[in-house]
1. What value, in deg cm²/dmol to 500, does the helix sum -39500 (n - 2.57) over DSSP H runs of n ≥ 4 give at 222 nm once divided by the residues of the chain?
2. Read through the labelled values (1) 1.04; (2) 0.95; (3) 1.20 and report the label of the one computed as Cα Rg over 2.2 N^0.38 Å from the structure.
3. Post the alpha-carbon centroid distance, region 40-88 to region 147-184, in whole angstrom.
4. Quick one: angle between helix 183-196 and the longest Cα principal axis of the chain, in degrees between 0 and 90, rounded to 10, please.
5. Ignoring ligands, DNA and RNA, what percent of the accessible area of region 115-227 is carbon or sulfur (1.4 Å)?
6. Compute the FRET efficiency between L63 and M206 as 1/(1 + (r/R0)^6), taking r as their Cβ-Cβ distance and R0 = 22 Å, and round to the nearest 0.05.
7. Using only the alpha-carbon atoms of region 53-196, report the extent along each of the three principal axes, biggest first, to the nearest angstrom.
8. Compute the long axis of helix 15-36 from its Cα atoms, compare it with the longest principal axis of the Cα atoms of the chain, and write down the angle in degrees, 0 to 90, nearest 10.
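The values are calculated or read from the model by the stated rules, or taken from the named source; none is laboratory data. All values reported here derive from a predicted model rather than from experimental measurement. Note that we place each Cβ from the backbone using ideal geometry, even for glycine, and neighbour counts take in every protein chain shown. Accessible surface is based on the protein model in full, side chains and every heavy atom, while ligands, DNA and RNA are left aside. Shrake-Rupley method; radii C 1.70, N 1.55, O 1.52, S 1.80 Å.
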Amino acid sequence: MNATVLQGRSADASPRTTGRLAALFFLLTIVLGVLAQSFVSERLVIPGDAAATAANLASHEALYRFGFAVYLVEMACQITMVALFYDLLRPASTRLSRLAAIFGLVGCTIKALSRLFYIAPLLLLGDAGNAEYLRVFSGEQLQALALVLHKVNDGGAAIALVFFGVYALLKGYLMLRSTFLPRALGVLSLMGGAGWLTFLSPPFGMQVFPVVALVALVGSVATIGWLLVVGVDDERWRAAWLSRASASRAPY
């Protein structure tokens, strides 16, 4: 039975390849998120100034739409990353790995839905002169509503961070339990996950965001670097997988 299980696994990508793919999509998620947030959204959206924000969106609409496209690609990369880590960490615990994936995918869903509020201001401001139903609002009201919608986008992303925090905690625990990944990576993931849970109170989360983001970034870079450069120990991964498969078939 064990040989059959191992043969089935060997037909898939090797654990080292899976780990490197997970690291690649992890890296893409970070880079694309920073690109869309720092070089598009934060440049065009002026907090507390609806008129200036509306003017920026009108004069840089293509850039703003590009930011939306980048956000969508980011989410596709993050979903792929979560799926790959699920497969990679199953030998540590299939149930916990599945639970971690569920929290990660729920976070991705919330974050993806929040991006609808990112693009919505263009619908308000772009159609203001043509759509009859928008003429009940003044220009100032539409500008204010557009800024509110963007704040809802930010709020949705903050809610998603809580789910990503639980995901990182579970992933860190699985790394600690595994024999094929350094325990230090698990500790860093636990620290990052605990940090994202500060967004259970968004005002507090925003206050400590620079520190939390730095800790999470250190852990992310360490994980990405190790998986890309060193890689998963294939033999230990397969041994852990066979051990779990044997335990699941053992009579009670």
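1. Numbers: 10 runs with 199 residues, N = 252.
That comes out to -27000 deg cm²/dmol.
2. Recomputing Cα Rg over 2.2 N^0.38 Å here picks out (3).
3. Comparing the Cα centres of region 40-88 and region 147-184, I get a distance of 19 Å.
4. Once rounded, the angle reads 30 degrees.
5. Values: 4060 of 5510 Å².
C and S fraction of accessible area: 74 percent.
6. On the way: r = 25 Å, r/R0 = 1.14.
The formula returns an efficiency of 0.30 here.
7. The Cα atoms of region 53-196 stretch 63, 23, 22 Å along the principal axes, largest first.
8. That works out to roughly 10 degrees.
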